[in-house]
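Everything below concerns the one structure shown next.
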Amino acid sequence: MSAGTLYVVATPLGHLGDLSERAASVLRSVNLVAAEDTRRARVLLERAKATPRVLSYHAHSPASRAESLIDSLRGGESVALLADAGTPTVSDPGVELVRRAHEAGVPVVTVPGPSAVTAALSISGLPADRYTFLGFLPRKGRDRRALVQHAATSPWTTVLFEAPGRLVRLLHDLAQACGPDRRAAVARELTKVHEELKSGTLSDLEVYYEESPPRGEVTVLIAGTSSAAPAPDEETVRDRARELLGEGMSRRDAADRLAAELAVSRREAYRIVTNL
C-alpha cells in the first residue's frame, strides 16, 4: 500500500474569502485534518463543504499524536495540516510533523496561501526585497536581548509576531536598542473587520499603543539599518559616545547603543568609545 500525502494548507488570516479553491478542494479530498485550532478548522471545512475527520494537533499535543498521524499517512490516508490562521510551520508547531513525514518517506505537498509575514510586509512601506523573520521573541532573558539586538543591527527589515498585551513592552525594548527614531510599522488583525496598520517611529508607536491598547493578532516590522538613515560621520559618533558615557553607560553598552542608533559596526563603535 502506498503512503498517503501530507498537505500543508495555508488558510485565511481572517477573511474567509481568502480560502483558495485549491485549498478547499484539498480539504474535501483528505481523510483527516490535523488542526491547531479545531473550532477554526471546522468553520473552514463547513465553508469548503468538506467532511474529513478532525484531530487536534498543536504545540502542547502529546508525542503520540504525531505518531498517530504518521501511522495514518503510512496506512494510505491523506492528511491536511492546518494552523489556526495563515501558513503552517511559520512560527507554528507543524514543522515537527512535516519533518517526521519526510523521515517516514511520506510525500509532503504545499498548498500555498496567506501568511501574516508577507501580508504585513506588502502594506508596511518598508523594504521587502530582503527581510529577517524572528517570530515570537522569548519573554525575557539573554535570548530575548540577543534577538532585539539582532533586529537593531540588521541591515534588512525585521518582522516579529507579538501578543497584544506585550506589544508596548516590545516597542519599548526595540526603541531602546534601535533608537527611538527608527522607522517601524505595526499591522494588527490583518484581513479582519478591524484591520489596522500604524507606521512611524518606534517611539511614536510605543506612545500610541500605550494610549490605545491593541487587540488581536499583531505583526511588528522594524526598518533595517540600511533604510533607517545615512551613515553618520565619525565626529557625530564621537559626540554621541560622549553623551552615552556621560550618562554612566559602560563602554560595552555605549558601543552597543551606538551601533544600534547610528548604523555603524559594533567594532567601529567600540573603537571610538575606547579612544575617547
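Values in this text are rule-based calculations from the coordinates and carry no lab data. The model shown is predicted, which means the values in this text are computed figures rather than measured ones. Cβ sites come from the backbone with ideal geometry, for glycine too, and all protein chains shown count toward neighbours.
Rounded to the nearest 0.05, what FRET efficiency is calculated for GLU247 and PHE136 with R0 set to 41 Å and r the Cβ-Cβ distance? Before the final figure, lay out the partial values.
Numbers: r = 32 Å, r/R0 = 0.77.
Efficiency for this residue pair is about 0.85.
When the helix-only estimate is applied to the chain (DSSP H runs of n ≥ 4, each -39,500 (n - 2.57), divided by the residue count), what is the mean residue ellipticity at 222 nm, nearest 500 deg cm²/dmol?
Details: 12 runs with 122 residues, N = 276.
So the calculated ellipticity at 222 nm is -13000 deg cm²/dmol.
Where does each of 108-116, 172-180 land if you order them by average Cβ count within 10 Å, highest first?
In decreasing order of mean packing, 108-116, 172-180 become 172-180, 108-116.
Using all C-alpha to C-alpha distances in the range 234-274, build P(r) with 10 Å bins and read off the rounded percent in each one.
Each 10 Å bin holds this share of Cα pairs: 38, 60, 2.
Which number do you get for Rg(Cα) / (2.2 N^0.38 Å) in the range 37-96?
1.13
Can you give the FRET efficiency to the nearest 0.05 for SER265 and ARG99, using r as the Cβ-Cβ distance and R₀ = 51 Å?
0.90
Counting other Cβ atoms within 10 Å, keep those with at most 10, restrict to DSSP loop, and tell me which GluC sites (Glu not before Pro) in the range 152-257 are left.
GLU247
Can you give the convex hull volume per residue for the Cα atoms of the chain, as a whole number of Å³?
Each residue corresponds to 142 Å³ of Cα convex hull volume.
What does the convex hull of the alpha-carbon atoms of the range 6-114 project to on average, in nm²?
5.8
List residues of the range 1-45, by number, whose backbone nitrogen lies under 16 Å from a label position 7 Å along Cα→C-beta of ILE123.
12-19
Using the alpha-carbon atoms, what tilt in degrees (0 to 90, nearest 10) does helix 251-262 show relative to the longest principal axis of the chain?
The answer is roughly 70 degrees.
Going by the alpha-carbon gyration tensor, a ≥ b ≥ c the square roots of its eigenvalues, is the range 1-68 rounded (a/c under 1.5) or, if a/c is not under 1.5, prolate (a/b greater than b/c) versus oblate?
oblate
GNM, the chain, Cα, under 10 Å: largest mean-square fluctuation among SER91, SER124, SER250?
In this elastic network of the chain, the residue with the biggest mean-square fluctuation among SER91, SER124, SER250 is SER250.
Taking 4 °C and 1.567 mPa s as the conditions, I'd like the Stokes-Einstein D for the range 117-228 in µm²/s, using the Kirkwood hydrodynamic radius from alpha carbon pairs.
My calculation gives 95 µm²/s for D.
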